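The values are calculated or read from the model by the stated rules, or taken from the named source; none is laboratory data. Worth saying up front: this structure is predicted, and the values here are computed from it rather than measured. Quick reminder, even Gly has a Cβ in these numbers, built from the backbone with ideal geometry, and neighbours come from all protein chains shown. Note: areas computed on protein heavy atoms with side chains; ligands, DNA, RNA excluded. Shrake-Rupley method; radii C 1.70, N 1.55, O 1.52, S 1.80 Å.
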Amino acid sequence: MERKLATVLFVDLVDSTSFVSASDPEVVRRRVTQFFDRVSSSIERYGGTVEKFAGDAVMAAFGIPQAHEDDSERAVRAALEILDSVDELELRARIGVEAGEVVTGAGDSTFATGEALNIAARLQQLAEPGQILLGPAAHRLTLGRIEVDDVGPVEVRGRDEPVWAWAATGTAVRAPARVAVTPL
């Protein structure tokens with residue numbers, strides 16, 4: 001086993017039950033497959049790994065097996081892209097993102113356990129359709145790079161204390177780096 005800092009992203013299709021019951025099964029399968037393909041593509045484009053599909057939800061990890069110093073930012077950028085691409089399919093999703101210490105199997109295993117998974121999953125459940133909720137660690141690791149609205153404390157099932165959450169609204173515009181020029 002190995003301990004790592006990772007960022008976990010949960011994305012879930014909104015109102016899938018009513019979509020399934022109101023549509024032809026072939027249409028449903030085609031649209032849900034497109035949903036999974038687009039979500040997976042966005043996650044992989046930003047260096048994440050799709051860990052599992054469960055029903056109409058996707059769990060992904062950033063920082064497993066390969067860590068980057070900006071894994072949380074990558075996860076939120078992927079989440080923003082996911083919302084845009086899912087909207088093109090005329091579907092809606094809700095997303096939760098949290099970072100923290102996780103335990104993984106040795107080698108290239110992506111299976112992870114840790115509190116970050118639980119918080120990300122709960123934030124996804126609490127998010128409004130079309131919303132990305134960030135937990136405290138993911139927010140801290142993306143300060144100045146991701147624009148957010150402060151949601152405040154939210155009650156998370158399985159925890160005695162509320163978790164402070166932020167809604168990601170976009171990427172911050174970075175000012176160009178100033179390079180000092182010193183004559184030689």
TODO: Treating only the Cβ atoms of Lys and Arg (+1) and Asp and Glu (-1) as charged, compute the dipole magnitude of the chain about its Cα centre; round to the nearest 20 debye.
DONE: 320 debye
- [ ] Take the Cα atoms of the chain, find their three principal axes, and give me the spread along each one in whole Å, biggest first.
- [x] 71, 36, 36
- [ ] As a check on your grasp of the helix formula, calculate [θ] at 222 nm for the chain: sum -39500 (n - 2.57) over DSSP H runs of n ≥ 4, divide by the residue count, round to the nearest 500.
- [x] -11000 deg cm²/dmol
Task: In range of the label at R145: residues from the range 67-89 whose backbone nitrogen is under 19 Å from the point 7 Å along Cα→Cβ - done: 67-83
TODO: Would you work out what percent of the accessible area of the chain, with all protein chains in place, is carbon or sulfur (probe 1.4 Å)?
DONE: 50 percent
- [ ] Kindly state, to the nearest 0.05, the FRET efficiency for E44 paired with E155, given R0 = 30 Å and r defined as their beta-carbon distance.
- [x] 0.35
Open item on the list: Can you compute the modelled spin-label distance between A172 and E2, with each label point 7 Å from Cα toward Cβ, in nm?
Closed with: 3.1 nm
Task: 3J(HN,Hα) from dihedral phi, the range 125-131, Karplus parametrisation 6.51/-1.76/1.60, rounded to Hz, x for glycine, proline - done: 5, 7, 5, 6, x, x, 10
Task: Stokes-Einstein D for the range 35-80, Kirkwood Rh over Cα pairs, 4 °C, 1.567 mPa s (µm²/s) - done: 123 µm²/s
Open item on the list: Using only the heavy atoms of the protein chains and a 1.4 Å probe, how would H139, H68 rank by accessible area, largest first?
Closed with: H68, H139
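Per residue, how much accessible area does the range 124-171 show when a 1.4 Å probe rolls over the protein heavy atoms, in square angstrom?
Ligands and nucleic acids excluded, the figure is 54 Å² per residue.
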- [ ] Determine, from the Cβ-Cβ distance of T113 and D37 and an R0 of 25 Å, the FRET efficiency 1/(1 + (r/R0)^6), rounded to the nearest 0.05.
- [x] 0.35
